[in-house]
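Visitor: Before I ask anything, let me first share the structure, which is written out below as structure tokens.
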Ligand code: WTA
């Protein structure tokens, strides 16, 4: 198991060590795992070429590190608790051995469907145990999973399947979310019309609703599981073989397939899990994210299970059957560490304190947040009402591309400050650069957050597009990994994340590219152009504001209709989470002489700011006044 840092002095010492000798530091941690063959070289890197390799030549299987390595001690320990959407449905638990059996059986199902090492498996599932089983079964046989969040549309799913050339899809008839159920199979069917690479579609029965069945490619999960035994040896993999692809939004174009490789990701997910949350044997860990995002990959599945933890997976939403659901779950299972998003906290604050009071949450030791900045009010509410003033809050900053947590307090060890992610984890060397690339070494500075040295969990490439990978993170500030985030370092050297510096917006902790949303809006025949920006939203962190150019501004009723159809269009092209909150129709957008949209001005208008900066360089400065007037009118209309 990974050694736990237990004091502030210990942290400072480890941090020093990790910077003075990163190779020695990480190889010591990697030694705690089971390698079929040890690596030849700990690290090989060149940020200018965007090339990074960790533990090269090492041979292993990550599931052997989850199961065989842990079984001796944890055969009968609960590995996974599954809490269903409906509290009246029976929860499920799997011991390490039971989960292992399911994983091996499903690995054999994959083999029966001709899935081989290196093949891609697309997974489009609700939060049910089969999702965890499917991903680990892929890892068992060396297939690369590509999980697509179940809220994505048929179009988004097909784009991801096509890009990864996935061989099979694993889905479900549907899922439950609060008082509603939703279909997945019908969406998958629509997506698969465009995906010739898919040879089989394995379907879990969850809702039991009627679905269309295509017998050439559709197979029930339960039928396939009947046909196999539970003997499946782990395939030997190279440390640098891909473990998974996870698509995420960037500032331009289509979502990018971030690739994580086995050895480095394993070491980093486990190290950060153990240390940030200070997990101890016997604790119950509850991460309320969805496995469709990186947080679920690293802190529901891989990190906890590698470390022999008991991890809790929840199918539902925080407000069903009422706004006390999270707290009820914590009470029911005596959860020790709880990890969620600031948006979830803000939405629960809005429902009132009663839901959290009168419950016994004494088991809680650590509270965590992830995905977006947490405002001070939400921080204090979480600290006072959920944590009863005694649980440290770990505000964890990281990204899909970083594989695991990068800047965060270690619970109970690094003193916290509301809204600050505090200090870098050992092995992480943040740098703040100004826009010209000058290093800002002092404290009390603000700028672009970069990382100057590799860590094992860093993504290695974009699936089949290394150039884009290089361009996305290593071109703005040569020699550094650029995160896309702005950051402030205060007088104590503490880091506070300020938000994205690029055209990515963060809505309820979901990362969305403005270009993707614009492309979806521009599909509409009445739209000639659009620009999407984020604006501060009291619950979601950021809301989506779309400026839509039409040759003629629609009249009131037509405008309402057009807004509806644009929102439906965005849901169909991407997902309901990408629907604009505010749509302003306009006849033009502020542009520079080279034809570039001045988004800065659009952001200011959306934020009700009066300071638009210099607009003299615009070809059409008169449009700004129009946009402001229409914005004010929109606000009046919504009041
Ligand atoms: C933002 C989620 C402030 C940030 C794990 C980052 C945060 C993006 C925090 C990555 C935090 C994540 N405070 N902002 N604690 N954590 N972010 O890839 O802008 O979905 O770049 O990974 O979320 O989002 P992603």
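Visitor: Over the range 158-215, what per residue volume does the convex hull of the Cα atoms give, in whole Å³?
Guide: On the way: hull volume 4.8 nm³, N = 58.
Cα-based convex hull of the range 158-215, divided per residue, equals 83 Å³.
Visitor: In whole Å, how far is the Cα centre of the range 217-250 from that of the range 120-160?
Guide: 9
Visitor: As a test, work out the antiparallel percent of DSSP beta bridges whose residues both lie in the chain, rounded to the nearest 5. The partial results should precede the final answer.
Guide: Working: 60 of 101 bridges.
Here the antiparallel bridges make up roughly 60 percent for the chain.
Visitor: Just check the range 386-487 against the gyration tensor rule for me: Cα atoms, a ≥ b ≥ c as the square roots of the eigenvalues, rounded for a/c under 1.5, and otherwise prolate or oblate depending on whether a/b exceeds b/c. List each step's numbers first, then the result.
Guide: Values: a/c = 2.63, a/b = 1.56, b/c = 1.69.
It is oblate, given that a/c is not under 1.5 and a/b is not larger than b/c.
Visitor: Gap in Å between the Cα centre of the range 531-595 and the Cα centre of the range 417-469?
Guide: Measuring centre to centre over Cα atoms gives 32 Å.
Visitor: Note down the relative contact order for the range 504-638 as a percent, whole number, built from C-alpha pairs under 8 angstrom at least six residues apart. Before the final figure, lay out each step's value.
Guide: On the way: 204 pairs, mean separation 28.3, N = 135.
For the range 504-638, the relative contact order is 21 percent.
Visitor: Kindly identify the range 455-531 as rounded, prolate or oblate by the Cα gyration tensor criterion: order the square roots of the eigenvalues as a ≥ b ≥ c, call it rounded if a/c is under 1.5, otherwise compare a/b with b/c, prolate if a/b is larger, else oblate. Walk me through the numbers on the way to the answer.
Guide: On the way: a/c = 2.62, a/b = 1.48, b/c = 1.77.
The shape class here is oblate.
Visitor: Where does the range 504-638 land on the Kirkwood hydrodynamic radius, alpha-carbon pairs, in angstrom? Intermediate values should be presented prior to the final figure.
Guide: Working: mean 1/r = 0.0664 Å⁻¹.
Computed over Cα pairs of the range 504-638, the Kirkwood hydrodynamic radius comes out at 15.1 Å.
Visitor: Given all pairs of different Cα atoms, what value in angstroms does the Kirkwood hydrodynamic radius of the range 20-142 take? Could you put the intermediate results ahead of the total?
Guide: Values: mean 1/r = 0.0589 Å⁻¹.
Across the range 20-142, the inverse of the average 1/r is 17.0 Å.
Visitor: Right, another one. So if R0 is 25 Å, what FRET efficiency would residue 229 and residue 73 give, r being the distance between their Cβ atoms, rounded to the nearest 0.05? Each step should come with its number before you reach the end.
Guide: Numbers: r = 26 Å, r/R0 = 1.02.
Between residue 229 and residue 73 the formula returns 0.45.
Visitor: Give the Rg (one decimal place) followed by the Dmax (whole number) of the chain, computed from C-alpha coordinates and expressed in Å.
Guide: Expressed in Å, the Cα Rg and Dmax of the chain come to 24.2, 73.
Visitor: Considering Cα pairs under 8 angstrom that are at least six residues apart, work out the relative contact order of the chain and quote it in whole percent. It would help to have the intermediate numbers written out before the result.
Guide: Details: 1384 pairs, mean separation 77.4, N = 639.
It comes to 12 percent, rounded to a whole number.
Visitor: List the residues of the range 351-386 whose backbone N lies under 16 Å from a point placed 7 Å from the Cα of residue 4 along the Cα-to-Cβ direction.
Guide: Counting only backbone N, you get 363-368.
Visitor: Now a separate question. Rounded, prolate or oblate, given the Cα gyration tensor of the range 342-435, with a/c below 1.5 counting as rounded? It would help to have the intermediate numbers written out before the result.
Guide: Values: a/c = 2.44, a/b = 1.80, b/c = 1.35.
In terms of gyration-tensor shape, prolate.
Visitor: Additional query: May I ask you to list the residues of the range 470-499 whose amide nitrogen lies under 13 Å from a point 7 Å from Cα along the Cα→beta-carbon direction of residue 452?
Guide: In the range 470-499, the label zone of residue 452 (backbone N under 13 Å from the point 7 Å along Cα→Cβ) covers 479-481.
Visitor: Using only Cα atoms, what is the ratio of the radius of gyration of the range 228-333 to 2.2 N^0.38 Å? Provide the component values of the computation, followed by the final result.
Guide: Numbers: Rg = 16.6 Å, N = 106, 2.2 N^0.38 = 12.9 Å.
In units of the globular-protein estimate, the range 228-333 measures up at 1.28.
Visitor: Per the helix-only calculation at 222 nm, which mean residue ellipticity applies to the chain, given -39500 (n - 2.57) for every DSSP H run of n ≥ 4 and division by its residues, nearest 500 deg cm²/dmol?
Guide: Working: 19 runs with 192 residues, N = 639.
It comes out at -9000 deg cm²/dmol, rounded to the nearest 500.
Visitor: Could you work out how much longer the chain between residue 31 and residue 384 gets when fully extended? Use 0.36 nm per residue separation minus the Cα distance between them, nm to one decimal.
Guide: Values: separation 353, 0.36 × 353 = 127.08 nm, distance 3.99 nm.
Once the chain is fully extended between residue 31 and residue 384, it gains 123.1 nm.
Visitor: Percent of Cα-Cα pairs per 10 Å bin, from 0 to the last occupied bin, for the range 244-305, please list those.
Guide: Per 10 Å bin, starting at zero, the Cα-Cα P(r) for the range 244-305 comes out as 20, 47, 26, 7, 1 percent.
Visitor: So for the range 63-235, what are the equivalent ellipsoid semi-axes in whole Å, largest first, each being the square root of 5 times an eigenvalue of the Cα gyration tensor?
Guide: Those come to 25, 21, 13 Å.
Visitor: Here is a follow-up. Find how much the distance from residue 576 to residue 97 grows on full extension, using 0.36 nm per residue of separation minus their present alpha carbon separation; answer in nm with one decimal. Please report the intermediate quantities before stating the final value.
Guide: On the way: separation 479, 0.36 × 479 = 172.44 nm, distance 3.85 nm.
Stretched fully, the residue 576-residue 97 segment lengthens by 168.6 nm.
Visitor: Once the Cβ-Cβ distance between residue 620 and residue 49 is put in as r, and R0 is 35 Å, what FRET efficiency do you end up with, to the nearest 0.05?
Guide: The pair residue 620/residue 49 has a calculated efficiency of 0.25.
Visitor: In nanometres, what is the gap between the two model label sites at residue 190 and residue 565, each 7 Å from Cα along Cα-to-Cβ?
Guide: If labels sit at residue 190 and residue 565, their model points lie 1.7 nm apart.
Visitor: For the range 166-293, with equal point scatterers placed on the C-alpha atoms only and solvent neglected, what are the log10 I(q)/I(0) values from the Debye formula at q = 0.11, 0.19, 0.20, 0.21 1/Å, to two decimals?
Guide: Log10 of I(q)/I(0), two decimals: -0.63, -1.31, -1.30, -1.29.
Laboratory data are not the source of any read-out in this text; all were calculated from the coordinates shown. Note that the structure is a prediction, hence the values are computed from the model and not measured. Here Cβ is always computed from backbone atoms with ideal geometry, including for glycine, and neighbour counts include all displayed protein chains.
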